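Okay, structure first, notes after.
Values quoted throughout were computed directly from the atomic coordinates according to the rules given, and no laboratory measurement underlies them. Keep in mind it's a predicted model, so treat the numbers as computed, not measured. So basically every Cβ, Gly included, is an ideal-geometry build from the backbone, and we count neighbours across all protein chains shown.
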Amino acid sequence: MDCTKCGNPNVIIKKEQSGQYLCKDCFIESIEKKVIKTVRKEKLLDKGDKVLVALSGGKDSVTTLEILNSFRELNIIDICAVTVDEGIDNYRQDGVDIAIRHAERLGIEHRVVSLKDTYGITLDEIMQKPNHRGSCSYCGVFRRTIINKAAREMGATKIATGHNLDDEVQAIMMNYLEGNTDNLTKLGAKTESEAEEFTVKIKPLREIPEHEIGLYVVAKELEVHFAGCPYAQQSFRGEVSDVINKLNEAHPTIKYSTLRGYDKIKNALKDDFKKDYSHGRCVKCGEPAANKLCKACSFIEELKGD
Amino acid sequence: MVFTLKYNNVSESREIPQEYYTIKDLIMDLGLSTQTVVSKQNDELVIEDTVINDGDEIKLIQIIYGG
Ligand code: SF4
Ligand SMILES: [Zn+2]
Ligand SMILES: [Zn+2]
C-alpha cells in the first residue's frame, strides 16, 4: 500500500473512515490543514488576537500550541501559555518541564501557576482529606479558574484548549445520556459566554481523533508528556468512551457524524434550554460566581471544614 | 524466528508464533487496544497491518492513558 497522496511506500496510517493511506509527511500536512480549516470555518481566530494556550505538556495541548504557532509566524495572532501545576507528586513535574521547554523553544510568554500558590493546597494534600469529592472534580474547577484568571491578567482575547474529537463526542454523549441539557448547550468549537469576565474559549483540535494527535506528535518528534495520572479513576466518561470506540471499529465515521449532528441541533438547544447567566461575583476572590462563593472558593471552604 | 518487543520501558525477545504475524496480532495478544498505541518497526512508524519479520525491533508507544 502506497501513500494515496504522493505514492511514498512508507505509510504510517490507514484512515478507516476514508480508506486513505498516508505517509508521514502527507499525514502531518493533513492534520495541520484540517486544524487550519476548523479555525477558518468556525472563525476561531481574529487578526490581532492574543491567544492563551492551556499548556499541560500533554499531546493535545502541545499539538494545539504547535499548530496555532503557524498563525503567529504569519503575524496574525500573538500567543502566550499557562501551565497549571496541580501538585501531584511523581507525575506533574515532567509535564510542567516539557511545557516550559516548548514555551522557550517558541519564545512565548509563559506562566506556571500552582494550586499551592493560588489556594494554599496541593491536589496530593486534598486527596489526604477524608471528605474529598474525588480528584478530578477539584482539578477541573481549579484549573478552569486559574486559566480564566491568567487569561485576564495576561491580556488574552481567547483561550485555546486541546479538546479533541474523542473528548467532544464523549461530552456530547455523556450529557445526552445524563439528560444534562444545560451542559449540552455549552459544547462546540467556540464557547461564547455573555460574561465579559470570561474569555472566549476555542477548541482548534475538535475535529481530530485522539489517536491521530498521538501519531502526529510521534511523527513530528514533538516532546510530550505521555503518562497516566495516579488519580485517574473509573469514570462515566471512560465507560462512554469505551462504548464509542467499540462502535467505531465497525462504523468508522460515527464520531464525525455524532459531532455533525450535534452541531446541527446546537442552536435549537441553546434557544430552548439556555439558562440566564447570573452576573454575581464571588465575595472572597471576585471571580464570576452563581452563588456567594465561586465553585473554587466553596471547595476550599469545604476542605477547611475539618 | 524472533523479534524484540519494546513497550513501556521493557524490552523482551519474543517468538513469531505464525506466518504473517502482524503488529495488530501482537497488540491483540498483549491485550492492548490499537486505539491507545502507535507502532514503530525498526524505528520507523508503520501501520498495524505490517507483518513482523525475523530480527525486527517492534516498539509500541502508548499515547492514550486513562484520565
Ligand atoms: S485524571 Fe488526574 S490530572 Fe486529570 S483531572 Fe483527574 S486528577 Fe486531575
Ligand atoms: Zn505521501
Ligand atoms: Zn472565589
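So if we plug the beta-carbon distance of A:Asn267 and A:Glu29 into 1/(1 + (r/R0)^6) with R0 = 35 Å, what FRET efficiency do we get, rounded to 0.05?
0.60
Cα-Cα over 27 Å: which of A:Lys41/B:Lys40; A:Lys15/A:Lys59; A:Lys24/A:Lys266?
Going by Cα-Cα distance, A:Lys41/B:Lys40; A:Lys24/A:Lys266 fall outside the 27 Å limit.
How are the alpha carbon pair distances in the protein assembly as shown distributed across 10 Å bins from zero to the largest one, expressed in percent?
Going from the shortest bin to the longest, the percentages are 5, 21, 31, 27, 12, 4, 1, 0.
Under 1.5 on a/c is rounded, so check that first for the stretch A:66-190, then, if it is not, pick prolate when a/b is larger than b/c and oblate when it is not; a ≥ b ≥ c are the square roots of the alpha carbon gyration tensor eigenvalues.
It comes out oblate by the Cα gyration axes.
Each residue of the stretch A:91-102 in order: what ³J(HN,Hα) in whole Hz does its phi give by Karplus 6.51 cos²θ - 1.76 cosθ + 1.60, θ = phi - 60°, with x for Gly and Pro?
9, 6, 4, 4, x, 4, 4, 5, 4, 4, 5, 5
If I take R0 = 41 Å and measure r between the Cβ atoms of A:Lys292 and A:Arg260 in this structure, what FRET efficiency does the formula 1/(1 + (r/R0)^6) give, to the nearest 0.05?
0.50
Among the trypsin sites (Lys or Arg not before Pro) in the stretch A:29-70, which ones are in a DSSP loop with at most 16 other Cβ atoms within 10 Å of the Cβ? Mind listing them?
Passing both the DSSP loop test and the Cβ count: A:Lys43, A:Lys47.
Between B:Asp43 and A:Asn183, what's the calculated FRET efficiency when r is the beta-carbon distance and R0 is 51 Å? Round to 0.05.
0.70
Please give every one of the aspartates and glutamates within straight-line cross-link reach of A:Lys295, meaning a C-alpha to C-alpha distance under 13 Å, and leave out same-chain neighbours fewer than 8 residues apart.
Candidates past the 8-residue exclusion: A:Glu287.
Could you tell me the distance between the Cα centroids of the stretch B:1-33 and the stretch A:157-212, to the nearest Å?
38 Å
How much length is gained if the chain between A:Arg152 and A:Arg40 is pulled fully straight, taking 0.36 nm per residue apart and subtracting their Cα-Cα distance, in nm to one decimal?
Contour length minus Cα-Cα distance gives 37.8 nm.
In nm, what is the difference between 0.36 nm times the number of residues separating A:Glu301 and A:Lys47 and their Cα-Cα distance?
Length difference between fully extended and current span is 87.3 nm.
Might you report the magnitude of the Cβ-based charge dipole of chain B about its Cα centre, with Lys and Arg at +1 and Asp and Glu at -1, to the nearest 20 debye?
It comes to approximately 300 debye.
Taking amide H positions as placed 1.01 Å from N in the peptide plane, with prolines and chain starts having none, which residues 5 or more places from A:Asp85, or on another chain, fall under 5 Å of its amide H?
Excluding prolines and chain starts, which carry no amide H, the hits are A:Val113, A:Ser114, A:Leu115.
Pull up the cross-link candidates among the lysines for A:Lys292, meaning alpha carbon to alpha carbon under 29 Å and not fewer than 8 places away within one chain.
Cross-link targets: A:Lys116, A:Lys129, A:Lys149, A:Lys158, A:Lys186, A:Lys190, A:Lys201, A:Lys270, A:Lys274, A:Lys275, A:Lys284, A:Lys304.
Add -39500 (n - 2.57) for each DSSP H run of 4 or more in chain A, then divide by its residues: what number comes out at 222 nm, to the nearest 500 deg cm²/dmol?
Helix-only estimate at 222 nm: -15500 deg cm²/dmol.
Roughly what angle does helix A:165-177 make with the longest principal axis of chain A, taking Cα atoms, 0 to 90 degrees, to the nearest 10?
Compared with the principal axis, the helix lies near 60 degrees.
What's the extension gain from A:Lys246 to A:Glu73 if we count 0.36 nm per residue and subtract their Cα-Cα distance?
Extra length available between A:Lys246 and A:Glu73 comes to 58.3 nm.
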